[in-house]
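Peer 1: Here's a structure for you.
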Amino acid sequence: MDSTADRCRKEFSLQEARVLLARTPAVLDAWLRNLPDGWERAHEGGESWSPFDVVGHLIHGEKTDWISRLTRILEHATALPFDEFDRFAQFQDCSGRSLEELLDEFANLRAASLRALDALALDESALERRGMHPILGEVTARQLLATWVAHDHDHIVQIARVLANQYADEVGPWRRFLRIISGQPG
C-alpha cells in the first residue's frame, strides 16, 4: 500500500533538478550574507557544523564531487571507481576566509557546474550509465544527479536547524510546537 508521501514523490527530471540546483546559491546568499555576529559560526555542539562549515562543504563538493563523478561515469562506467570524497576538507580549505567570500565562490562554482552539466547534453541512456562508488557500489548517473539535489536540500535543512536551535531555550513553551527544535516528527 502506498503512503501519501510515496504518492507525492517525483520521478527524476534533469530539467527540474537543474532548476533546483541553480537556486541553492541564491537561497544561501539571501539567508546567510551579513548575518548578525555569531550566527555564521553557530552550531549545535560537539562536532556539528555551522552555516560557514556547510557552505565550505558545498564548495568542496562543487570542486571534487558532482561533475567529476558524473564525468567519470560517462567516460569510464564502472571500470574506474570514484575518488573518495573528503567530507571534512572545508575545515582546512576555508580557514581564514569570510562567509561572504564563500558564498561568492559557491555561486561561481555552481554556475560553472551547471554550464558543464548543460554541455554534457545528457539523454536517458546517459542517465542510466553506471559508475562505481567506493562505498555504495554501482550507482547510476540519474542517482548521482538526484543525490546532488537532495544533498543541497539536506544542508539547507541542516542550516535551518542550527539557526533555529540558537533560540531553543528562548522559545519557552512553544518549543513543543517547533519540530525543528523539539525533534518531533512532522
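Peer 1: How large is the dipole of the stretch 76-124 about the Cα centre if only Lys and Arg carry +1 and Asp and Glu carry -1, each at its Cβ, rounded to the nearest 20 debye?
Peer 2: Result for the stretch 76-124 is approximately 60 debye, rounded to the nearest 20.
Peer 1: Here's something else I'd like to know. May I ask for the angle, rounded to the nearest 10°, between helix 66-76 and the longest principal axis of the chain, with both axes built from Cα atoms and the value confined to 0 to 90°?
Peer 2: Between helix and principal axis, roughly 20 degrees.
Peer 1: Based on the alpha-carbon gyration tensor of the stretch 102-159 and its eigenvalue square roots a ≥ b ≥ c, which shape applies: rounded if a/c is under 1.5, prolate if not and a/b is larger than b/c, or oblate?
Peer 2: It is oblate, given that a/c is not under 1.5 and a/b is not larger than b/c.
Peer 1: Taking only C-alpha pairs under 8 Å that are 6+ residues apart, what is the relative contact order of the stretch 24-181 in percent?
Peer 2: 29 percent
Peer 1: A follow-up question, please. Any idea what the dipole of the stretch 1-114 comes to, in debye rounded to 20, about its Cα centre with Lys/Arg Cβ at +1 and Asp/Glu Cβ at -1?
Peer 2: 400 debye
Peer 1: While we're here: Compute the long axis of helix 99-120 from its Cα atoms, compare it with the longest principal axis of the Cα atoms of the chain, and write down the angle in degrees, 0 to 90, nearest 10.
Peer 2: That helix lies at roughly 20 degrees to the long axis.
Peer 1: A further question on this structure: Calculate the length of the line joining the C-alpha centroid of the stretch 69-109 to that of the stretch 117-146, in whole Å.
Peer 2: If you average the Cα positions of each part, the centres end up 17 Å apart.
Peer 1: Identify, among Val139, Gly56, Ser13, the residue whose Cα sits farthest towards the positive end of the charge dipole of the chain, taking +1 on the Cβ of Lys and Arg and -1 on the Cβ of Asp and Glu, with the dipole about the Cα centre.
Peer 2: Ser13
Peer 1: Largest first, what is the accessible-area ranking of Asp123, Asp29, Asp37 with a 1.4 Å probe?
Peer 2: These residues rank, largest area first, as Asp37, Asp123, Asp29.
Peer 1: Tell me the carbon and sulfur percent of the accessible area for the stretch 113-176, rounded to whole percent, probe radius 1.4 Å.
Peer 2: Carbon-and-sulfur percentage of accessible area, whole number: 55.
Peer 1: Okay, moving on. For helix 141-165, report the angle its Cα long axis makes with the longest principal axis of the Cα atoms of the chain; keep it between 0 and 90° and round to the nearest 10°.
Peer 2: Tilt of helix 141-165: around 10 degrees.
Peer 1: Give the label of the value calculated from the structure for semi-axes √(5λ) of the Cα gyration tensor in Å, choosing from (i) 36, 17, 14; (ii) 31, 22, 15; (iii) 26, 19, 13.
Peer 2: (ii)
Peer 1: Next question, about the same structure. So, for the stretch 1-97, what is the accessible surface per residue at a probe of 1.4 Å, expressed in square angstrom?
Peer 2: 62 Å²
Peer 1: Please identify, among Leu163, Leu117, Leu136, the residue showing maximal mean-square fluctuation in a Gaussian network model of the chain using a 10 angstrom Cα cutoff.
Peer 2: Of Leu163, Leu117, Leu136, the Gaussian network model singles out Leu136 as fluctuating most.
Peer 1: Can you tell me the length gained on complete extension of the stretch Ala150 to Phe12, counting 0.36 nm per residue apart and subtracting the Cα distance?
Peer 2: Gain on stretching Ala150 to Phe12: 48.6 nm.
Peer 1: Here is a follow-up. Provide the packing ranking of 146-159, 55-68, i.e. peptides ordered by the mean count of other C-beta atoms within 10 Å per residue, highest first.
Peer 2: 55-68, 146-159
The values are calculated or read from the model by the stated rules, or taken from the named source; none is laboratory data. The shown structure was predicted, so the numbers you read here are calculated from the model rather than taken from an experiment. Positions of Cβ are generated from backbone atoms using ideal geometry, with glycine treated the same way; all protein chains shown enter the neighbour counts. Surface accessibility is based on the protein's heavy atoms, side chains included, excluding ligands, DNA and RNA. Shrake-Rupley method; radii C 1.70, N 1.55, O 1.52, S 1.80 Å.
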